[in-house]
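This report concerns only the one structure given below.
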Amino acid sequence: MTYPRIFITRIIPDKGLALVKENYPHLDIWPDEMPPSRDELLQRARGVDGLLCLLTERIDAELMDAAGSQLKVISSMSVGVDHIDVTAATARGIPIGNTPGVLTDATADMAFALLFAVARRVVEGEKYVRDGKWKTWHPQLLLGKDFVGATLGIVGFGRIGSAVAKRAQGFDLRVLFHDPSAKAAYGAQPVDLDTLLQESDFVSVHVPLTSETRHLVNAGFLVKMKSNAILVNTSRGGVVDQSALYDALRAQTIFAAALDVTDPEPLPMDSTLLELDNCLIVPHLGSASHHTRDMMSYLAAENLVAGLKGERLPNCVNPEVYSRPRKGIGAL
Ligand code: DGY
């Protein structure tokens, strides 16, 4: 009996791992907490039929070629696929799976958690207490921003952006959004980007990282924001020009920023952003809840198993591979 060869680039939650093992008990799993190095990845991918990766691995043409022409599926335990060269995979007829939907709520919650933390200066307050600076209640101590009556601008109104709008209703926020391809929902009003930036007290970014959105948040974007505005980014670090953001935060041309994602990740400890009190940074935790990560692993496993069986992936990023099927692809 021949089994397909599978490489999983990290230990994923049991929910997904069990599904893969139930179908294919023979697996190669990278056991470390840190991801495989590039060389290790190239080596372990050689000869595999299925690859289950995370957003920490660069899956490009070189990797696909190193794996070999038998590679039938690449499944990423992420909704974002900017770490994968989708064009190269499509050209090779390899379907790519991702995990949309299951992390929408967790990520929208994180956008709000970050917004609250920065607007109400939660982290600064906590540090103030631990540093032994809390001597009295003071009418002017660590004043932040009000929510009721404020305007929230959402850039990118897909699943996560609209889930943020849904939450905003409960806080009496006026909500604007900019996304030419999206329909209005949850009382959010569509506007052009300039109007959004000029009118919003809070700006939350929810676009995928592509060549068009790289450094979308640049000096020109930041200068249009209100001087007391807050920027929240839970999408991808590359969407923000971090050096322009540093300049804006340092000069206080905006009030603060909260970043769940940076470029690169992890953010180097000598990043100037870490010098700023008005910049809150957390380590890409948007989807980091037990249930969400279980479901992400399950969807990733479903995609992997379907691809290995020669079936259509339940969540496929490049469905065009099915209209020009690759020669020789078949169920194992
Ligand atoms: C994703 O799945 O792309 C998210 O960024 C993970 O949190």
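The values are calculated or read from the model by the stated rules, or taken from the named source; none is laboratory data. All of these numbers come straight from a predicted model, not from anything done at the bench. Ideal geometry is used to build each Cβ from the backbone, glycine not excepted, and the neighbour counts take in all protein chains shown. In case anyone asks, the SASA skips ligands and DNA or RNA and just uses the protein heavy atoms, side chains included. Shrake-Rupley method; radii C 1.70, N 1.55, O 1.52, S 1.80 Å.
Taking amide H as placed 1.01 Å from N in the peptide plane, VAL232 has its amide H under 5 Å from the amide H of VAL203, SER204, VAL205, ALA258, each at least 5 places away in sequence or on another chain.
List the relative contact order of the range 104-281 as a percent without decimals, with contacts defined as Cα pairs under 8 Å and 6+ residues apart. With pairs under 8 Å counted, the relative contact order is 20 percent. Residue ranking by accessible heavy-atom surface, 1.4 Å probe, largest first, among MET269, MET1, MET77 comes out as MET1, MET269, MET77. Taking all protein chains together and rolling a 1.4 Å probe, THR87 ends up with roughly 110 Å² accessible.
Legend: residue pairs LYS166/LYS226; LYS15/LYS72; LYS145/LYS166; LYS145/LYS183, Cα-Cα distance threshold 25 Å; pairs beyond threshold, LYS145/LYS183. Calculated FRET efficiency, GLU22 to HIS290, Cβ-Cβ distance, R0 = 30 Å: about 0.90 to the nearest 0.05.
Only protein atoms count toward the accessible area here, which uses a 1.4 Å probe; on the chain, the carbon and sulfur part of that area reaches 53 percent. Under the simplified labelling scheme, the SER181-ALA61 pair shows an inter-label distance of 2.4 nm, with each label point 7 Å from Cα along Cα→Cβ. Need the C-alpha centroid separation for the range 180-207 versus the range 112-153, integer Å. Value for the Cα centre distance between the two parts: 25 Å. Accessible surface computed residue by residue for the chain, with neighbouring protein chains in place and a 1.4 Å probe, gives 49 Å² per residue. Can you give the extra length, in nm with one decimal, that the chain gains between ALA91 and ILE29 once fully stretched, where that is 0.36 nm per residue apart less the Cα-Cα distance? Full extension from ALA91 to ILE29 adds 19.6 nm. Whole-Hz Karplus values for the range 198-208 come out as 6, 9, 8, 8, 10, 10, 10, 9, 9, 10, x Hz, taken residue by residue from phi with 6.51 cos²θ - 1.76 cosθ + 1.60 and θ = phi - 60°; glycine and proline positions read x.
Multiplying the residue separation of VAL123 and ILE11 by 0.36 nm and removing their Cα-Cα distance gives an extension gain of 37.2 nm. For the range 69-76, 3J(HN,Hα) computed residue by residue from phi via the Karplus equation (6.51, -1.76, 1.60; θ = phi - 60°) reads 6, 7, 4, 9, 7, 10, 10, 9 Hz, glycine and proline entered as x. Calculated FRET efficiency, VAL223 to TYR3, Cβ-Cβ distance, R0 = 41 Å: about 0.10 to the nearest 0.05.
Take every pair of alpha-carbon atoms less than 8 Å apart whose residues are at least six positions apart; their mean separation over the length of the chain yields a relative contact order of 21 percent.
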